[in-house]
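J.: Handing you a structure now.
The values are calculated or read from the model by the stated rules, or taken from the named source; none is laboratory data. Here the structure is a predicted model, which is why all the values come from computation and not from measurement. Virtual Cβ from ideal backbone geometry, glycine too; neighbours counted across all protein chains shown. Just the protein is used for accessible areas: all its heavy atoms, side chains included, with ligands, DNA and RNA removed. Shrake-Rupley method; radii C 1.70, N 1.55, O 1.52, S 1.80 Å.
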Amino acid sequence: MPRQIPEGSSPNLWDVRFERGGFRKDFGEKFLGQAAPTTVLVIVEHKFIDEGVISGGYEGYSDYGSYAAIVGQQQFHRLVRLFRNALGQAELEVWDSSIEQWVFGGIATNFATGEPVQIESRYVRAVSVQNLLLFAVAGASILIREESPILDQTGDDFPSENELTSVDDSTTAVFSSVEPIHFNRFTVNFSIDISIEEPEVVVVTLDVDVNGENVTSLGFQATGPDGMSQDHASIEFTRALAVNDDVTLKIASIETDAAFDRDANLTQAGGSDPLYIAEKTTEAPAIGNNYTFRYMLQAAEGTYPITVNFFRWDSGTSTWNIVDSKEHDFEDDLEILTHTVNIPEMEQGDFFGIEDADATNLDGFEVSWQDQDVDITVSVKGFNLTEDNDPAFGLAYAIEEGTDLDFEEIEGPEALWIEPFADRVIALVDGPNTQSIWWTPSGDVKNWDPFAEGAGQMDLFDTRNDPIDDLQCAAPLSSDSLAIFRHRSIMRAFRTGQSIQAIGVNHWLENIGTESPFSRQVTPIGIIFLGHDRMVYILSESGIRPVGQPIHQILIERLTSNLEIVDSVFDPVFQHYYLGIPVFGSQLICEVYILDVARLMNEDKIVWRRRSCGNGLQRFALASEL
Amino acid sequence: MTEPFLPPGVDRLPARRFVLWADWNNRVRQIDESRLDRAGDTVLAYWDSPSLNGEGEDREFTLTRLLLAYSASANSEVVVRASGDGGVTWHDAISFDIVESDVGLKRIARGFNVSGFDVRFRVIFPQDEVVIVHEYSARLLPRSEYIIGP
């Protein structure tokens with residue numbers, strides 16, 4: 001019988017991976033751009049977003065809901081590598097996918113002196129947090145990179161002296177820029193004035209169309225008799241426009257809930273006209289085009305049932321047309337009845353008519369309806385900056401003219417590790433005699449003044465087993481709990497819920513720690529790290545679990561020194577934890593061991609495999625966009 | 001559980017993520033699921049079997065034939081070496097010609113003559129084509145038992 005190949009059954013394997021119940025050669029690899037001039041100290045993906053803009057709504061009124069829409073919130077990815085250049089400075093390069101090259105991204109300078117910062121050639125911890133990229137480098141305070149675009153605000157105009165007053169009135173601006181537009185975000189600027197005599201509410205809805213297609217709408221609400229007026233209103237939208245595209249501002253609707261009762265007396269006619277007729281004397285159409293006739297039928301023996309016909313006068317053909325009929329089962333000798341008829345396009349001066357089949361049993365009283373004949377005045381003007389000196393372009397946008405980059409050493413601690421936690425950044429600082437933990441105020445990761453509100457600093461004096469138990473790294477256990485790794489112990493930091501001492505720290509695990517800070521990875525099953533005893537562990541809120549047994553002896557024999565250059569990465573798709581180690585005193589990572597975390601989670605099986613890395617490897621990284 | 005894999009014709013994972021590193025020449029590399037070479041270089045990936053006769057048995061066996069069941073995206077080759085001493089020494093390589101198999105498994109067998117107390121084999125992938133070895137079957141002949149004396 002053929003024997004299937006259980007994963008983990010091989011005592012020795014290189015560069016194979018498991019797939020569909022078998023094994024195969026592992027995935028290949030390719031270069032990403034040109035070489036860095038010197039050792040790459042960190043590769044990190046910086047994710048940040050532009051400020052969001054919320055537009056829409058009924059200008060402060062909530063009764064009618066809103067058209068609120070969020071635009072902007074564009075997410076950016078920058079893959080960055082940092083190295084110590086020939087002058088000992090911290091130099092950044094950024095991956096430009098359009099030319100598939102690494103391009104210069106700045107040299108860190110001191111915030112006060114403006115001088116380039118000197119750093120040591122050691123692994124760098126970098127975190128992308130709150131739109132900033134922070135680096136903990138050896139030999140300097142924390143470095144922060146901030147990127148913001150340089151924008152030229154410009155735009156196109158609507159025609160001079162335009163005015164929109166009624167439904168379907170519109171004005172059009174022609175988009176003219178050949179330059180890329182920041183976020184493809186546009187603002188349509190205009191003024192609007194709504195007046196209403198009655199103490200009622202009116203809603204004016206404006207559409208913005210691009211080449212005839214509606215892209216967004218905004219409602220403006222006014223209450224009589226004050227009305228509303230805005231000298232500068234705007235509607236934003238996001239759309240990739242081409243040169244000569246039309247952007248149109250249009251009054252889509254003018255609506256009010258104000259209803260007025262109207263009626264017209266039916267008067268006896270006959271002859272070529274129906275038995276009773278009435279003239280529509282008001283201009284506004286009925287709400288829903290519904291007209292209610294009131295009439296009386298009188299019994300006459302032998303005439304049951306009685307059919308009543310309803311007419312309108314068609315002035316175009318000069319004829320009476322039946323628009324509805326109603327058959328009555330007559331039960332009494334005299335009844336006053338009502339019947340509602342839908343008659344579209346009844347205009348002022350048109351006539352209604354009513355007549356029963358034999359023209360003998362009917363008395364007509366009146367026709368009644370409700371209309372919206374409210375005196376509303378609307379005036380909208382699309383802006384024209386050039387000729388009319390309006391406050392802005394009618395179609396405003398920003399052209400990107402480059403990027404403003406800040407890459408500075410800030411005033412703060414010389415941190416060996418930084419970690420986002422509790423809406424802050426935590427810094428571990430390892431001094432010659434003491435270790436300490438620093439934290440920024442909530443939401444302000446640039447502020448490392450420990451006396452600022454919400455910020456702080458705490459020395460960690462109490463080490464139980466080792467008087468100099470060096471701090472190594474940190475990793476979040478949960479949103480409220482942070483593991484702090486030392487050489488021989490693990491502490492736990494937590495939110496206190498107070499601003500004066502926002503972060504608390506207590507002892508947790510003794511006799512287990514790490515000397516390989518960059519081995520720590522946050523995975524769905526917990527924090528995986530290489531322990532000081534060369535065992536790979538998983539740390540979670542429920543405790544610690546060894547998972548490195550299959551490679552423990554290998555690591556003991558081969559990972560003999562340079563523990564600080566052990567590096568790792570977690571592949572969240574295949575759920576693989578990569579652990580790279582230098583062997584026999586190498587200054588580079590020479591072997592990579594890969595733990596199948598998915599199998600561990602799902603089947604509780606520990607399966608490791610190995611991957612070669614040519615002549616060596618420096619830093620791992622994970623990116624979501626290239 | 002089946003390991004996640006890329007179906008034939010799919011070069012990239014649907015979820016975007018890229019595993020990167022800087023190599024010894026300060027060049028950044030990324031894992032590329034659509035290829036098997038290492039930025040132009042070929043590595044000799046291999047997989048060692050566990051002991052075929054049960055490690056530690058005080059009895060000698062001879063591997064006479066080995067069958068591999070595989071699937072492959074293209075015609076290719078794998079090389080198999082056998083060991084009678086638990087992988088300390090490996091005997092001459094024997095080539096297995098791999099034929100592209102779109103559907104189902106294909107099987108191929110070759111003769112061996114390797115004896116020892118701990119018989120194993122090593123599958124080596126010398127080419128950059130996707131060959132998945134799903135099953136194996138080894139024919140072992142037990143040799144005469146030793147008479148423990150005196």
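J.: Taking the condition surrounded by 21 or more Cβ atoms within 10 Å (Cβ to Cβ), of a type in the set (A, V, I, L, M, F, W, C) and more than 7 Å from chain B (Cβ to nearest Cβ), does residue A:559 pass? I'd like the intermediate steps shown before the answer.
T.: Details: surrounded by 21 or more Cβ atoms within 10 Å (Cβ to Cβ): yes; of a type in the set (A, V, I, L, M, F, W, C): yes; more than 7 Å from chain B (Cβ to nearest Cβ): yes.
Spelling it out, residue A:559 is indeed surrounded by 21 or more Cβ atoms within 10 Å (Cβ to Cβ), of a type in the set (A, V, I, L, M, F, W, C) and more than 7 Å from chain B (Cβ to nearest Cβ).
J.: How many residues are part of a strand (DSSP E or B) and away from chain A (no Cβ under 14 Å) when one looks only at region B:83-126? Please lay out each step first, then the result.
T.: Within region B:83-126, the first condition is being part of a strand (DSSP E or B), and the residues that meet it are B:83, B:85, B:94-98, B:106-116, B:118, B:120-125.
If we keep only those that are away from chain A (no Cβ under 14 Å) too, we end up with B:94-97, B:110-116.
Number satisfying all stated conditions: 11.
J.: How many residues are in contact (Cβ under 8 Å) with a residue 12 or more places away in the chain and open to solvent by 40 Å² or more (accessible area, probe 1.4 Å) if we restrict to region B:35-45?
T.: Qualifying residue count, region B:35-45: 3.
J.: Please find, among A:585, A:614, the residue that is at the interface with chain B (Cβ under 10 Å from one of its Cβ atoms) and out of contact with any Lys or Arg (no Cβ under 6 Å at 6 or more places or on another chain).
T.: Details: A:585 fails: at the interface with chain B (Cβ under 10 Å from one of its Cβ atoms).
Result of the check over A:585, A:614: A:614.
J.: Wholly within region A:211-316, which strands (runs of 3 or more DSSP E) include no fewer than the required count, namely at least 1 residues that are among the basic types (Lys, Arg)? Spell out the reasoning first.
T.: Working: elements: A:213-223, A:228-238, A:246-256, A:260-265, A:276-279, A:290-298, A:306-314.
Strands (runs of 3 or more DSSP E) meeting the threshold: A:246-256, A:260-265, A:290-298, A:306-314.
J.: Still on this structure, please answer the following. Looking only at region A:488-524, how many residues end up being open to solvent by less than 40 Å² (accessible area, probe 1.4 Å) and of a type outside the set (Lys, Arg)?
T.: Initial filter on region A:488-524 (open to solvent by less than 40 Å² (accessible area, probe 1.4 Å)): A:489-491, A:493, A:502-505, A:509, A:512-514, A:516-521, A:523.
Those left that are additionally of a type outside the set (Lys, Arg): A:489-491, A:493, A:502-505, A:509, A:512-514, A:516-519, A:521, A:523.
Summing the residues that are open to solvent by less than 40 Å² (accessible area, probe 1.4 Å) and of a type outside the set (Lys, Arg) in region A:488-524 gives 18.
J.: Test of understanding: among A:581, A:594, which residue is among the hydrophobic types (A, V, I, L, M, F, W, C), farther than 19 Å from residue B:17 by Cβ and more than 30 Å from the chain's Cα centre (by Cα)? Walk me through it before giving the result.
T.: On the way: A:594 fails: farther than 19 Å from residue B:17 by Cβ.
It is A:581.
J.: Residue A:612 fails exactly one of the following numbered conditions: (1) touching a residue at least 60 places away in the same chain (Cβ under 8 Å); (2) in contact with a Cys (Cβ under 7 Å, 6 or more places away or on another chain). What is the number of that condition?
T.: Tallying (1) touching a residue at least 60 places away in the same chain (Cβ under 8 Å); (2) in contact with a Cys (Cβ under 7 Å, 6 or more places away or on another chain), residue A:612 fails exactly one: (2).
J.: Oh, and also: Sort out which residues of region A:563-620 are in contact with a helix residue (DSSP H, G or I) (Cβ under 9 Å, 6 or more places away or on another chain) and of a type in the set (Phe, Trp, Tyr), and write them in order of number.
T.: Listed by number, the residues that qualify are A:570, A:574, A:577, A:584, A:593, A:608, A:620.
J.: Now a separate question. Please pick out the residue among B:80, B:43, B:130, B:28 that is within 30 Å of residue A:572 (Cβ to Cβ) and either touching a Cys at 6+ places or on another chain (Cβ under 7 Å) or at pLDDT 95 or above (or both). Let's see the steps before the verdict.
T.: Values: B:80 fails: within 30 Å of residue A:572 (Cβ to Cβ); B:43 fails: either touching a Cys at 6+ places or on another chain (Cβ under 7 Å) or at pLDDT 95 or above (or both); B:130 fails: either touching a Cys at 6+ places or on another chain (Cβ under 7 Å) or at pLDDT 95 or above (or both).
It is B:28.
J.: Filter region A:295-340 for residues that are modelled with pLDDT under 85, surrounded by 14 or more Cβ atoms within 10 Å (Cβ to Cβ) and among the β-branched types (Val, Ile, Thr) and give the result.
T.: The answer is A:303, A:306.
J.: Still on this structure, please answer the following. Tally up the residues in region A:223-280 that are free of Cβ contacts under 8 Å to residues at least 24 places away in the same chain and in contact with a helix residue (DSSP H, G or I) (Cβ under 9 Å, 6 or more places away or on another chain), please.
T.: Residues flagged as free of Cβ contacts under 8 Å to residues at least 24 places away in the same chain and in contact with a helix residue (DSSP H, G or I) (Cβ under 9 Å, 6 or more places away or on another chain) within region A:223-280 amount to 0.
J.: Those residues that are assigned to a helix (DSSP H, G or I), touching a Pro at 6+ places or on another chain (Cβ under 9 Å) and open to solvent by 20 Å² or more (accessible area, probe 1.4 Å), I need them from region A:581-625; list them, please. Let's see the steps before the verdict.
T.: The initial filter retains those residues of region A:581-625 that are assigned to a helix (DSSP H, G or I), namely A:597-603.
Filter once more, keeping what is touching a Pro at 6+ places or on another chain (Cβ under 9 Å): A:597-598, A:601.
Listed by number, the list holds a single entry, A:601.
J.: Among the numbered conditions (1) out of contact with any His (no Cβ under 7 Å at 6 or more places or on another chain); (2) surrounded by 18 or more Cβ atoms within 10 Å (Cβ to Cβ); (3) of a type in the set (D, E, K, R), tell me where residue B:81 comes up short.
T.: Checking residue B:81 against (1) out of contact with any His (no Cβ under 7 Å at 6 or more places or on another chain); (2) surrounded by 18 or more Cβ atoms within 10 Å (Cβ to Cβ); (3) of a type in the set (D, E, K, R), the one that fails is (1).
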